[in-house]
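Have a look at the structure below before the remarks.
Bear in mind that the values in this text are calculations on the coordinates, not laboratory data. This one's a predicted model, so the numbers in the text were calculated from it and none came from an experiment. Because the Cβ atoms are built from the backbone with ideal geometry, glycine has one as well, and the counts that use them run over all protein chains shown.
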């Protein structure tokens, strides 16, 4: 039986990619936990990869492949889906849970 995959969209293009459900769920959970721990100022884009790596097991990291590519794909899908939002007018760019 084929592995279930999730389609990840981008907010400003017609591009999509499909990744296995377990990868999507693991990274999504890691990103949300990192955002919650970051507090009201949000999580900077530069921190996402390190924060995801810190929240995944060695086994998950070994199976995952490119953390950066997968984390970016999931983050973009989360933006499109309205789960997270960019903080307007700050540098560096940051994300928070959507209101």
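Of everything listed in (1) out of contact with any helix residue (DSSP H, G or I) (no Cβ under 7 Å at 6 or more places or on another chain); (2) within 20 Å of residue 98 (Cα to Cα); (3) not in a loop (DSSP other than H, G, I, E, B), the single unmet condition for residue 71 is (1). Quick check on segment 61-71: of everything there that is buried (at least 17 other Cβ atoms within 10 Å of the Cβ) and out of contact with any strand residue (DSSP E or B) (no Cβ under 9 Å at 6 or more places or on another chain), which residue is nearest to residue 17 (Cα to Cα)? Ranking the qualifying residues of segment 61-71, first place goes to 71. What do you reckon, is residue 76 in a helix (DSSP H, G or I) and surrounded by 17 or more Cβ atoms within 10 Å (Cβ to Cβ)? So residue 76 fits the description; yes. Within segment 79-89, the residues that satisfy the criterion of being without any contact (Cβ under 8 Å) to a residue 40 or more places away in the chain and either more than 17 Å from the chain's Cα centre (by Cα) or part of a strand (DSSP E or B) (or both) are 85, 86, 88, 89.
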